[in-house]
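The values are calculated or read from the model by the stated rules, or taken from the named source; none is laboratory data. Every value quoted in this text rests on a predicted model; they were computed, and no experiment measured them. Cβ coordinates were reconstructed from backbone atoms using ideal geometry, including for glycine residues, and neighbour counts include every protein chain displayed.
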Amino acid sequence: MNQTASAIRDLNKAPVAGDIFQLDENAYVTVLSVGAGQIRYVSGAVDSDMFREAPEDLLRSAKVMPYKTFRKWLASIAAGRRMDTPPPA
């Protein structure tokens, strides 16, 4: 299966668990969970079936960011501003 086929290119979309956002031609970020004002994510395109029973190394590599900060980061990229990818945690 092509993991990037379902990547979201509309960076203004509200993130939910399982979303894969395409940041540029070869950069992706996968949302693992959203809750309590925070978002957990990993760099790269990760198949959602894989993280339902996530291996420990995937969970350990997850970064946590305030939800509003993550949304602003995505909106900045959507507006064409140069931003760090993956987002700083």
Inter-residue pairs, beta-carbon under 9 Å, first within 22 Å of Ala14 (Cβ to Cβ) and modelled with pLDDT under 80 and in the stretch 46-73, second among the charged types (D, E, K, R) and surrounded by 14 or more Cβ atoms within 10 Å (Cβ to Cβ), 6+ apart:
Ser48/Asp19
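Within the stretch 27-41, how many residues turn out to be touching a residue at least 24 places away in the same chain (Cβ under 8 Å) and either of a type in the set (D, E, K, R) or farther than 15 Å from Lys68 by Cβ (or both)? So that I can check it myself, show each step before the final result.
Taking the stretch 27-41 as the starting set, the residues that turn out to be touching a residue at least 24 places away in the same chain (Cβ under 8 Å) are 27-29, 32, 34, 37-41.
Now narrow it down to the ones that are either of a type in the set (D, E, K, R) or farther than 15 Å from Lys68 by Cβ (or both): 27-29, 32, 40.
Count: 5.
Hey, which of the strands (runs of 3 or more DSSP E) in the stretch 9-83, taking only ones fully inside, have at least 3 residues that are surrounded by 14 or more Cβ atoms within 10 Å (Cβ to Cβ)?
Working: elements: 20-24, 27-35, 38-43, 63-66.
Strands (runs of 3 or more DSSP E) meeting the threshold: 20-24, 27-35, 38-43.
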Of the numbered conditions (1) modelled with pLDDT of 85 or more; (2) in contact with an Asp or Glu (Cβ under 7 Å, 6 or more places away or on another chain); (3) part of a loop (DSSP other than H, G, I, E, B), Gln3 fails exactly one; give the number of that condition.
(1)
